[in-house]
């Protein structure tokens, strides 16, 4: 019983970091720990949670998706543009919300699937394929709307659901956590999920053993894009506006969060529950820096360093045979 | 000149974890001589070459070079003493020039003011090329622009350049491990001309090949190894292909080992049929039928197309011509997953790269191909996965610390049993076994042969690529022989009517 289970090491590590961060930030700035800020932190974490949940299986496959931020940006302006096009029609607010968000989700799934297909069928490494789509989607976002769009005050009712909360748990946070739990079950207890771990462990072997590798990969990318869209809807509701560059900073934070959660970059190792911890590390640092007044430009430097540190901690450097590419 | 003894090995043995790969072999090489070294897979040829070049030490026995003890602890040391090896896989960097390749890793020797003095390097490369008699190649040429025979010569030049560093009058010994496997007829002839050029300078060559006619043609003397022992050596003039075959494969079949008593007569039902099947550049015009309860062996040398046939049947590659019928249905699989739906599955050759997922547990590996059958209320039941693993660990006597142990911690034979458990559970009834006993010790081998017998007795069918000819013909009901992408022969292999290995080899080469 005294032996530490190696499997849980990332969990212990991230818990320790979270506690450390809370202590440090509250020592620097007493406002950090007050209820309002904590509630704020928790609900702000929702978009990041959803996107990190989507990214986890991508890394489990041994792939990467650099386009999530741009997909989020596109979905953000796309959703609101459609929503606002209902203005002045006889449709009710509810229908407008459902139609616009539904369309956004479907479009994102299609976009993710197309990217997955490009990756598996044309055999373009995911790094390159998603880098290309990152460029494409960030331009598309700007083409849809080159400037931020605000929701007129009379339509704020459309996104009122965002502020529903029970104690410190807001509806978006609840949705994100529920999604993660469902995804966890899918990843560990379905043929599809087992396939993801098998592909990440040894793609060639999984293929020969009859795992439908291409289908699994495409699905994972499609789900990841869906997550980015869902996150973008949260962002619309939170800001009551949309911006074509809103997702830009997310890609890096999402990958950092997943890696901090102990998911291996080479694939096959990790799980989506641990990602929650990684997300809160990132969310705490982000919120803490805002509270103590760190310059926005400096914040991006910090996040860059965090990503490097996260990967350095996570990488297994014992095997000399694996080349770093 | 040919009488001066260059290299000598006496009573070399080598054991790996109790298995004896070499049981005391001798070899003498005189200056200017080409020694042919032949033997079946696993006879110990490669092990012996690796000992000479210093990749691994012998367990016992001594080697001498010009009478002085020779015990290199690594290839560089061997090179310094005049021994070089050209490996089976080509090791040139195709995007660099010939000269750069010859002196690869030694650029420092050509440094001038901190930069590489290319003129000097190319001038020396030219000297090296001249020394082995190929003066028609510009050392500035990119390797990618050369044909395979020339590339092989560059490899030899590289080895000669390395081994000549001592600078004295001593000659080199060059080891060629199956240098002709990638060459066509014409290229082989060109290579032979070059080998003769080298030996004219007094250097010696040990030439390993599966093609006996080539060995006869180029060698001055031939050594035959069998099961890690020296089965004979003779001057090339005395050797005939027939004589060499018999020395190579001359052991009597051990009946029990292959469970011949359990060989069954297959049913008439055709379960898989290939009609004029072909894969561009690999094999063509292949027609054969596979029946329920049958083990169909396919033998042929590397490059004969047998591996590719397996890839096509299991859905890993798509045929470019002809048709494949599985259970009477025309098929053209896009992926192994699709093939598995029709009950076709392959146990691949490279266990580590294709067979097991080493980072996953034994139970997860076993359940990989049949997870969908372990669902309870829509979710894969952990209990069923565990129960299945425990059952099969017992059934196949897999030695593992437990079902949760990572496969990487198991021995090769036990990893292979995990692959078997997975394949047998997959529900496939056409199982392709691509070297199922590769790298497996003798005990596990026999058990695996038993599993194969079990499989067909359940009415499944097996296509087998054996690790040795003996394995292939002993296990099979029927044997196909392939050469250069064509089926060149078919032998019935009922008990008591097994084709002789001499017959098989004759069709293979």
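The values are calculated or read from the model by the stated rules, or taken from the named source; none is laboratory data. These numbers were taken from a predicted model, which means no experiment stands behind them. Every residue, glycine among them, receives a Cβ derived from its backbone with ideal geometry; neighbour counts consider all protein chains shown.
I'd like to know if the range A:168-175 contains one or more residues that are away from every other protein chain (no Cβ under 14 Å) and over 20 Å from residue A:275 (Cα atoms). Spell out how you get there, then give the answer.
Initially, the range A:168-175 is screened for residues away from every other protein chain (no Cβ under 14 Å), giving A:168-175.
Then keep just the ones that are over 20 Å from residue A:275 (Cα atoms); that gives A:168.
Yes, there is a match, as at least one residue in the range A:168-175 is away from every other protein chain (no Cβ under 14 Å) and over 20 Å from residue A:275 (Cα atoms).
Would you point out which residue out of A:186, A:196, A:136, A:124 is within 14 Å of chain B (Cβ to nearest Cβ) and surrounded by fewer than 20 Cβ atoms within 10 Å (Cβ to Cβ)?
Details: A:196 fails: surrounded by fewer than 20 Cβ atoms within 10 Å (Cβ to Cβ); A:136 fails: within 14 Å of chain B (Cβ to nearest Cβ); A:124 fails: within 14 Å of chain B (Cβ to nearest Cβ).
After applying the criteria, what remains is A:186.
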message: Within the range A:89-96, does at least one residue satisfy the condition of being at pLDDT below 90 and within 23 Å of residue A:147 (Cβ to Cβ)?
response: yes
- line: Looking across the range A:239-266 at residues that are surrounded by fewer than 23 Cβ atoms within 10 Å (Cβ to Cβ) and part of a loop (DSSP other than H, G, I, E, B), the single one that is farthest from the chain's Cα centre (by Cα) is A:240
query: Any residue in the range B:387-399 that is within 30 Å of residue B:265 (Cβ to Cβ), touching a residue at least 40 places away in the same chain (Cβ under 8 Å), away from every other protein chain (no Cβ under 14 Å) and in contact with a strand residue (DSSP E or B) (Cβ under 7 Å, 6 or more places away or on another chain)?
result: no
task: Determine if the range A:219-236 includes at least one residue that is outside any loop (DSSP other than H, G, I, E, B), surrounded by fewer than 24 Cβ atoms within 10 Å (Cβ to Cβ), within 14 Å of chain B (Cβ to nearest Cβ) and modelled with pLDDT of 95 or more.
output: yes
message: Which of the numbered conditions does residue B:75 fail, given that it passes all the others? Conditions: (1) buried (at least 22 other Cβ atoms within 10 Å of the Cβ); (2) touching a helix residue (DSSP H, G or I) at 6+ places or on another chain (Cβ under 7 Å).
response: (1)
Tabulated pairs, the range A:256-276, first away from chain B (no Cβ under 14 Å), second in a loop (DSSP other than H, G, I, E, B), C-beta under 6 angstrom, 6+ apart or interchain: A:262/A:270; A:274/A:261; A:274/A:262; A:275/A:261
- request: For residues that are in contact with a strand residue (DSSP E or B) (Cβ under 6 Å, 6 or more places away or on another chain), surrounded by fewer than 22 Cβ atoms within 10 Å (Cβ to Cβ) and in a helix (DSSP H, G or I), tally how many sit in the range B:457-485.
  value: 0
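Give, as residue ranges, the strands (runs of 3 or more DSSP E) completely inside the range B:283-362 that count at least 3 residues that are within 14 Å of chain A (Cβ to nearest Cβ). Break it down stepwise before answering.
Working: elements: B:283-291, B:295-299, B:321-326, B:329-331, B:344-347.
Output list reads B:344-347.
Which of the residues spanning the range B:365-380 are under 12 Å from residue A:206 (Cβ atoms) and at the interface with another protein chain (Cβ under 7 Å from one of its Cβ atoms)? Full working, then the answer.
Narrowing the range B:365-380 to residues under 12 Å from residue A:206 (Cβ atoms): B:365, B:368-369, B:371.
B:368, B:369, B:371, listed by residue number.
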- prompt: How many residues, within the range B:416-456, are buried (at least 22 other Cβ atoms within 10 Å of the Cβ), outside any loop (DSSP other than H, G, I, E, B) and within 14 Å of chain A (Cβ to nearest Cβ)?
  reply: 13
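From B:88, B:100, which residue is part of a loop (DSSP other than H, G, I, E, B), surrounded by 13 or more Cβ atoms within 10 Å (Cβ to Cβ) and either touching a strand residue (DSSP E or B) at 6+ places or on another chain (Cβ under 8 Å) or not assigned by TED's automatic domain parsing to the domain that holds residue B:195 (or both)? Give the derivation first.
On the way: B:100 fails: part of a loop (DSSP other than H, G, I, E, B).
The unique qualifying residue is B:88.
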task: Kindly check whether there is at least one residue in the range B:421-437 that is modelled with pLDDT under 85 and within 30 Å of residue A:202 (Cα to Cα).
output: yes
task: Keeping to the range A:199-218, report how many residues are surrounded by fewer than 24 Cβ atoms within 10 Å (Cβ to Cβ) and facing another protein chain (nearest Cβ under 9 Å).
output: 6
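Looking at the range A:20-75, which of the residues that are in a loop (DSSP other than H, G, I, E, B) and more than 28 Å from residue A:183 (Cβ to Cβ) is farthest from the chain's Cα centre (by Cα)?
Taking the range A:20-75 as the starting set, the residues that turn out to be in a loop (DSSP other than H, G, I, E, B) are A:29, A:34, A:61-67.
Remaining after also requiring more than 28 Å from residue A:183 (Cβ to Cβ): A:29, A:34.
On the way: A:29: 28, A:34: 27 Å.
Looking at the filtered set, the residue picked out is A:29.
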query: Out of all the residues in the range A:140-183, which are surrounded by fewer than 16 Cβ atoms within 10 Å (Cβ to Cβ), under 23 Å from the mean Cα position of the chain (by Cα) and part of a strand (DSSP E or B)?
result: A:165, A:169
task: Tell me which of these residue B:413 doesn't satisfy, since it passes every other one: (1) surrounded by fewer than 24 Cβ atoms within 10 Å (Cβ to Cβ); (2) within 13 Å of another protein chain (Cβ to nearest Cβ); (3) within 26 Å of residue B:306 (Cα to Cα); (4) touching a helix residue (DSSP H, G or I) at 6+ places or on another chain (Cβ under 7 Å).
output: (2)
